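What follows draws every value from the coordinates through simple rules; no lab data is involved. Keep in mind that what you see is a predicted model, and the values were worked out from it rather than measured. Using ideal geometry, Cβ is built from the backbone for each residue, glycine included, and neighbour counts are taken over all protein chains shown.
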Amino acid sequence: MCNYKLLPFTFRYLATIDKVLLSNINGNFCFLDDMSQLDNLVKNDFDKIDKDVLDRLLANNLIAEEDELDSKINLMATNYATSINETLYGSLLILIIPTLRCDHDCGYCQVSRVSPTASGYDASFNDIGLIISHLKKIDTPSLKIEFQGGEPLLNKAYIKQFYNLAIKKLGSETCFVVCSALGPLDSDFIGWCKGKNITFSTSLDGIEKTHIKNRVAKEFNSYQNTVKGIRYIQKELGYDKVNALATVTRESLLNPHGLIDEYVDLGFENVFLRPLSPLGFAYKNQGIEYTPEMYMDFYKKCMEHIFEINRTKPFSEETAVIYLKKILFPTLSGYVDLQSPSGLLLNALVFNYDGNVFGSDETRMLWEMTGNPELVAGNIKSEILNPINDVSINLLADTFLTCSPGCEDCAYQSYCGADPLYHLATQGDHVGDKAVSDYCKLQRYLFDYFFELLNDVKKREVILKWLT
């Protein structure tokens with residue numbers, strides 16, 4: 001028998017499938033059938049481990065033959081450095097806030113929106129040229145620009161002027177997303193969108209009762225308005241021009257199947273389930289929250305229903321797609337929330353209505369809550385906009401999970417992402433105590449579940465179709 005040496009790995013016991021998951025910093029993983037195999041492994045009793053298990057451990061760089069140990073370590077270090085470099089210089093999402101005004105009063109609103117008639121909360125047309133001149137300095141083949149709010153369609157003229165100048169200065173390959181509840185959507189704006197690289201993203205939280213309770217609108221039926229807007233975009237622009245997500249509140253937990261069926265009935269091929277965030281009005285709104293355990297019970301019911309739907313037609317859940325891509329194809333996942341170091345400033349820039357610049361939408365939201373000037377990365381009116389300052393560097397330095405307290409020995413370290421804003425909002429510290437963090441608890445539950453799915457042959461087949 002060959003002489004084997006252990007390579008660095010972390011592990012986690014998955015009770016529901018009675019297996020031990022091993023993983024390394026490159027995202028390679030392997031299942032062991034029981035704890036006794038792990039015991040033999042850590043004691044270097046390789047002769048007690050089956051040959052097929054040893055082969056899987058070798059293939060996933062969890063052990064190495066003695067004469068290949070140094071080269072395997074160097075390879076792992078190179079791959080790890082490459083993954084960090086891809087995070088540091090990965091894709092960049094640009095968010096533009098045309099207005100903080102909104103025609104909805106959602107109880108979970110993260111951005112502390114203001115009345116649709118409020119003054120002083122619209123972006124200045126004079127800033128459009130300044131923003132685009134800064135975007136021209138970004139070294140990237142193409143940009144994705146999202147208009148968010150508030151309700152961005154309450155300032156349609158700004159969107160139109162920004163788009164026209166951006167296409168002229170940044171190139172026709174620039175793509176745009178309007179993130180809207182679709183209240184102010186009209187035929188004039190839809191007509192203007194035709195032939196342009198513009199898509200819509202909206203929120204649909206489930207059946208009519210749930211949506212209306214979650215997404216309150218005083219002047220109209222928010223559910224009927226959203227469904228009408230979705231169908232209008234699908235008819236006039238195409239089904240690929242609109243997508244939706246569902247923010248899950250305690251009310252949503254009551255009808256998981258109904259939520260999924262709404263998306264199927266509207267012709268969507270997927271749903272994006274999003275848990276509550278402790279920012280903006282959601283931070284103050286008691287009665288809509290739930291525990292990570294309650295969310296996972298809901299999520300699993302949704303997923304089981306989705307697997308049933310897949311017996312007759314393809315339909316996926318976007319959280320699962322994102323997480324499973326990170327597990328199976330680590331280098332192909334550019335999802336900002338699962339980045340280590342954090343995607344703050346590196347993968348997102350937010351240009352607020354007032355000219356302030358932020359390193360993520362969550363940073364903007366937390367600033368709206370607290371007014372903390374350290375959260376502001378700069379202002380668009382500055383001649384030199386350099387958001388990478390001492391504060392941001394110190395913050396980013398603490399988001400490497402390989403050396404973050406509570407993360408350094410976690411089996412999901414190579415797949416997960418640091419969320420400094422969550423912990424700053426809930427614990428007053430951007431590193432946070434991971435032992436009492438609901439964010440970390442939910443992340444562990446989600447990864448547990450996704451690895452369990454990968455161990456299920458039939459569900460794994462469905463999942464792999466989602467990822468192709």
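For the range 356-436, count all C-alpha to C-alpha pairs, find those more than 22 Å apart, and express that count as a whole percent of the total.
Distances greater than 22 Å cover 30 percent of the Cα pairs.
Could you pull out every residue, at least 5 positions away or on a different chain, whose amide H is within less than 5 Å of the one on residue 242? Hs are placed 1.01 Å off N in the peptide plane, and Pro or chain starts have none.
Correct list: 200.
State to the nearest 20 debye the size of the charge dipole of the chain about its Cα centre, where the only charges are +1 on K and R beta carbons and -1 on D and E beta carbons.
Here the size comes out at about 1580 debye.
Any number yet on Rg/Rh for the range 89-290, C-alpha, Kirkwood?
Using Cα coordinates only, the ratio equals 0.97.
Would you be so kind as to identify all helices of the chain, as entire DSSP H runs, whose Cα atoms reach 18 Å or more along the helix's own axis and whose mean Kyte-Doolittle hydropathy is at least -0.5?
69-88, 156-170, 292-309, 438-454
So what does log10 I(q)/I(0) come out to for the chain at q = 0.06, 0.09, 0.12 Å⁻¹, using the Debye formula with one equal point on every Cα and no solvent?
Summing over Cα pairs of the chain leads to -0.29, -0.65, -1.13.
Per-residue HN-Hα couplings for the range 4-17, Karplus 6.51 cos²θ - 1.76 cosθ + 1.60 at θ = phi - 60°, whole Hz, x for Gly and Pro?
With coefficients 6.51, -1.76 and 1.60, one gets 9, 10, 6, 9, x, 8, 10, 8, 8, 8, 9, 5, 5, 10 Hz.
Which whole-Hz ³J(HN,Hα) couplings does the range 195-210 yield from phi under the Karplus relation 6.51 cos²θ - 1.76 cosθ + 1.60, θ = phi - 60°, glycine and proline marked x?
So the J values, rounded to whole Hz, are x, 9, 7, 10, 10, 10, 10, 9, 10, 9, 9, x, 5, 4, 4, 5.
Grab the alpha carbons of the range 4-86, take their convex hull, and tell me the volume per residue in Å³.
Here the figure is 88 Å³ per residue.
So who's got an amide H within less than 5 Å of the one on residue 348, skipping anything under 5 residues away but keeping other chains? H placed 1.01 Å off N, in plane.
Under 5 Å from the amide H of residue 348: 93.
Under the rule of at least 5 residues apart or a separate chain, name every residue whose amide H is placed under 5 Å from the amide H of residue 379.
Residues meeting the criterion, in which the H sits 1.01 Å from N, are 357.
Using +1 at the Cβ of each Lys and Arg and -1 at the Cβ of each Asp and Glu in the range 89-290, identify which of 202, 125, 226 lies farthest towards the dipole's positive end.
With unit charges placed on the Cβ atoms, the residue in question is 125.
What list of ³J(HN,Hα) couplings, whole Hz, do you get for the range 117-125 from phi and the Karplus terms 6.51, -1.76, 1.60, once you set θ to phi - 60° and write x for glycine and proline?
9, 5, 10, x, 10, 9, 5, 7, 4
Once you wrap a convex hull around the alpha carbon atoms of the range 397-468, what is its projected area averaged over all directions, in nm²?
5.6
Can you tell me what percent of all Cα-Cα pairs in the range 181-304 are more than 21 Å apart?
Value for the range 181-304 (Cα pairs over 21 Å): 42 percent.
Remind me, what semi-axes does the range 232-312 give for its equivalent ellipsoid, largest first in whole Å, using sqrt of 5 times each Cα gyration tensor eigenvalue?
25, 18, 9
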